[in-house]
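Everything on this sheet refers to the single structure shown next.
The values are calculated or read from the model by the stated rules, or taken from the named source; none is laboratory data. Since we're looking at a predicted model, the values are computed, not measured. Methodologically, a virtual Cβ is constructed for each residue, glycine included, from the backbone with ideal geometry; neighbour enumeration extends over all protein chains shown. These area figures cover heavy atoms from the full protein model, side chains too; ligands, DNA and RNA do not enter into them. Shrake-Rupley method; radii C 1.70, N 1.55, O 1.52, S 1.80 Å.
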Amino acid sequence: MAKIMTVNGEITGEELGIVDYHEHLAFDAPPWLLREDKDFRLDDPEKSAAELKTWIRAGGKTIIEMTAIDFGRTISKIRRVADQVPEAQIIVITGYNKHYFCDQSVWYTPESELIKSCIHDITDGIEGTDIKAGIVKGGSGYNTFTDKDQKLLRIAAKVHLETGVPIITHTEAGTMGFEQVEYLVSYGVKASHICLSHMDRNPDFWEHKRIAETGAYLGYDCPGKIKYGPDELRNNVLRRLVDSQLGDRVLLGNDLGRPSYWRHYGGGPGLDFVLTKYIPRLHAEGFSNEAVDNLLIHNPKRFLTMA
Ligand SMILES: [Zn+2]
């Protein structure tokens, strides 16, 4: 079983505990993006650390910080959060989120150079630090699969094949997930080494089933974010997946990439929502302990150790 790289060094699958597969802890979004949308200013390591402690108190152990290069990954801020919450096992990433966020340099820089730089993040460290990435990201736009989308996914595929870290992608509102898996697989990636984020934005059982049947993982990361649909919708699809013996293909997170989602920044539902509110609801709705443990512990362990 592969080991997993965190901000504070390697850990084993046994040490993972409860995993949140998709979060953002602190980052400096590109200035042009902040002018467009101030609600990406999640940039205060003290507030983020205080809220991360609530998640630890709720039982969380390992958290994947999914901020990609184009979205403003800022490793010095992650270091400051990590130092204040040493109990948290934080995994950081390399790679790109989606073409909309990427600056022009991503398009005119040769693919081989971008790949080299992502590999450096994994093998040597990010931005001159000893913090190494443990995941690579790629992504596509809303119902698009353009040359730019494909370039970002190809980079992720090649970095994965070179280094062996798993791939977590961005899907825009849960679209093009199946196409992403087909494309990555065509470059030699095993489906079970891919997780698609935001699939519960598109709570469509038929679509989730055909993706899960490839062996790829579905990332559910919108509980409590009602603007993306009530939890009833995702729970109904989740129920049908569990009943179809596909409950082992879902990873859970909350993707709180905006300060308006964080209590310590004045918003909600807060970083501990999944553990303190959503999981009890799953139990109340009749999901078994086994189904819940799969979501929180066993599925992410299988995915991250590439078992
Ligand atoms: Zn995210």
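Name the residue, out of Lys209, Lys148, that is in a helix (DSSP H, G or I), within 21 Å of Leu282 (Cβ to Cβ), basic (Lys, Arg) and over 18 Å from the mean Cα position of the chain (by Cα).
Details: Lys148 fails: within 21 Å of Leu282 (Cβ to Cβ).
Criteria check complete, one pass: Lys209.
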Name the pairs whose Cβ atoms lie under 8 Å apart, with the first residue in segment 254-272 and closer than 20 Å to Ile78 by Cβ, the second among the polar types (S, T, N, Q) and within 16 Å of the ligand (Cβ to nearest atom), and 6 or more positions between them or separate chains?
Asp255/Ser197; Gly257/Thr67; Tyr261/Asn254; Trp262/Ser48; His264/Ser48; Leu271/Asn254
Leading residue by the ranking (farthest from the ligand (Cβ to nearest atom)) among those in segment 32-41 that are open to solvent by 10 Å² or more (accessible area, probe 1.4 Å) and assigned to a helix (DSSP H, G or I):
Arg35
Would you pick out the residues in segment 5-31 that are more than 13 Å from the ligand (Cβ to nearest atom), assigned to a strand (DSSP E or B) and closer than 11 Å to Ile63 by Cβ?
Thr6, Val19
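Taking segment 166-203 only, how many residues are outside any loop (DSSP other than H, G, I, E, B), open to solvent by 10 Å² or more (accessible area, probe 1.4 Å) and either within 15 Å of the ligand (Cβ to nearest atom) or under 21 Å from Lys225 (Cα atoms) (or both)?
Count: 4.
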If I filter segment 232-263 down to residues being charged (D, E, K, R) and surrounded by fewer than 20 Cβ atoms within 10 Å (Cβ to Cβ), which single residue comes out as farthest from the ligand (Cβ to nearest atom)?
Asp243
Just checking, which of Ile63, Ile78 is surrounded by 23 or more Cβ atoms within 10 Å (Cβ to Cβ), assigned to a strand (DSSP E or B) and within 16 Å of the ligand (Cβ to nearest atom)?
Ile63
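Which of the following residues is in a helix (DSSP H, G or I) and either within 14 Å of the chain's Cα centre (by Cα) or more than 30 Å from Val159 (Cα to Cα) (or both): Leu251, Leu218, Leu256, Leu238?
Working: Leu251 fails: in a helix (DSSP H, G or I); Leu218 fails: in a helix (DSSP H, G or I); Leu256 fails: in a helix (DSSP H, G or I).
None of the other options fit; the residue is Leu238.
Quick test for you: out of Ala88, Ala58, pick the one residue that is under 18 Å from Gly268 (Cβ atoms) and either within 13 Å of the ligand (Cβ to nearest atom) or out of contact with any Cys (no Cβ under 6 Å at 6 or more places or on another chain) (or both). Talk me through it step by step, then tell me what you get.
Numbers: Ala88 fails: under 18 Å from Gly268 (Cβ atoms).
Every option except Ala58 fails the conditions.
Taking Ile69 as the residue in question, decide whether it is open to solvent by 10 Å² or more (accessible area, probe 1.4 Å) and in contact with a Ser or Thr (Cβ under 9 Å, 6 or more places away or on another chain).
Details: open to solvent by 10 Å² or more (accessible area, probe 1.4 Å): yes; in contact with a Ser or Thr (Cβ under 9 Å, 6 or more places away or on another chain): yes.
Taking the combined requirement at face value, the residue satisfies it.
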Which of the residues spanning segment 138-165 are among the aliphatic types (A, V, I, L, M), free of Cβ contacts under 8 Å to residues at least 40 places away in the same chain and open to solvent by 10 Å² or more (accessible area, probe 1.4 Å)?
Leu161
I'd like the residue in segment 212-231 that is among the small types (Gly, Ala, Ser) and open to solvent by 10 Å² or more (accessible area, probe 1.4 Å) and, out of all such residues, is nearest to the ligand (Cβ to nearest atom).
Gly224
